[in-house]
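**Q** Please find one structure pasted underneath; my questions will follow.
The values are calculated or read from the model by the stated rules, or taken from the named source; none is laboratory data. Nothing here was measured: the structure is a model prediction, and the numbers come from that model. Here Cβ is always computed from backbone atoms with ideal geometry, including for glycine, and neighbour counts include all displayed protein chains.
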């Protein structure tokens, strides 16, 4: 079998086309390998590259040969171990793990095919089937993002933008237009001279001499026309046009009350780190607002959101009131798609939980595209969960999930932000 490998340079990387083809061909195996790699690493290190292995049987190229055809059953003479119809067990062999004692088997094995995914490739596979649900264009607003597109040709520009074909086409047209009258006169003069010579006119006849001078003058005039002139040059013209984009804002709300111990806070932090990384990876035009609360709520920056040690009681409605205020003041007027993700242990004052449900149902949910609530507890659902469970009856874009251990973070995250059916 003949193998053709394209080893032309692609920028600074060799065989980039072959690598892209390989990633497309073994996409399912690579996704499985990425899923296995995720289980063995911290979420904070999730954006690094990864070495993945693919079984050799999956990367072997097919080969064709000539077979005898039909079913062949052969028992060699002198065989005392096997009878006709016996099934031979698979020989014992390893995959090159490198541990254990040396064996005396003469059988050879082949290691798995191992290659390294770059950070960009790893993140593409990790977030491939995730998205912000219900991301719709509420309003096309003015944006500073532009895209470049071709807009014909121009007579001025940089040498790197010269359009050779268009320039040569213009030069050919100019030469035809400028030399047209001279070529007609030349053809007429040559025809007249040929007629005179055929009629027996002498070479020193006045008309013959005059026609020869005219033909020489016309030839010189045609040769003086430049092959290409600066006037002929045409440059590719590119203009920047506004690129319509939708604006989205993500609110991260975390409970930091006394009932949230360090382990639960760490689990919530891991969930928001994953969510923050996902948003920055998938969407370019998105704002992220961090709100932490105990008895009082406050908008903080990213560092304080994850590292502050302030604690207290639990009043969840303070965070929802602050959320509603920020939406009205900065992200209202139908210009933003608002998304909210809330993490808590569910422990809240009973009367306040009822107030939270009312705030969500009547005030906040009509203003947001998607609201997710994650309860971090290893016990039965708390009073906040019981009240929130009534919200989906009125608003279908409200989702709830429960996290018991850090191992549940990734499955819950994928369930909350999986791609919606079209």
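**Q** Just to verify a result, which residue in region 323-346, among those that are under 20 Å from residue 295 (Cβ atoms) and surrounded by 20 or more Cβ atoms within 10 Å (Cβ to Cβ), is modelled with the lowest pLDDT?
**A** Out of the qualifying residues, it is 346.
**Q** For region 269-360, which fully contained strands (runs of 3 or more DSSP E) count at least 1 residues that are without any contact (Cβ under 8 Å) to a residue 60 or more places away in the chain and not assigned by TED's automatic domain parsing to the domain that holds residue 259?
**A** Output list is empty.
**Q** For residue 253, indicate whether it is within 40 Å of the chain's Cα centre (by Cα), under 30 Å from residue 383 (Cβ atoms) and part of a strand (DSSP E or B).
**A** yes
**Q** Which condition number in (1) free of Cβ contacts under 8 Å to residues at least 60 places away in the same chain; (2) touching a helix residue (DSSP H, G or I) at 6+ places or on another chain (Cβ under 6 Å); (3) within 30 Å of residue 286 (Cβ to Cβ) is the one that residue 193 fails?
**A** (3) is the only condition that residue 193 fails.
**Q** Something else now. If a residue must be part of a strand (DSSP E or B) and either in contact with a helix residue (DSSP H, G or I) (Cβ under 6 Å, 6 or more places away or on another chain) or modelled with pLDDT of 90 or more (or both), how many such residues does region 361-380 contain?
**A** 6
**Q** Is it the case that residue 305 is surrounded by fewer than 21 Cβ atoms within 10 Å (Cβ to Cβ) and within 30 Å of residue 120 (Cα to Cα)?
**A** In short, no.
**Q** List the residue pairs whose Cβ atoms are under 6 Å apart, where the first residue sits in region 59-85 and is assigned by TED's automatic domain parsing to the domain that holds residue 21 and over 30 Å from residue 115 (Cβ atoms), the second is at pLDDT below 70 and part of a loop (DSSP other than H, G, I, E, B), and the two are 6 or more positions apart or on different chains.
**A** Taking only residues 6 or more apart or on different chains, not a single pair turns up.
**Q** Within region 400-415, how many residues are without any contact (Cβ under 8 Å) to a residue 60 or more places away in the chain and touching a strand residue (DSSP E or B) at 6+ places or on another chain (Cβ under 7 Å)?
**A** 4
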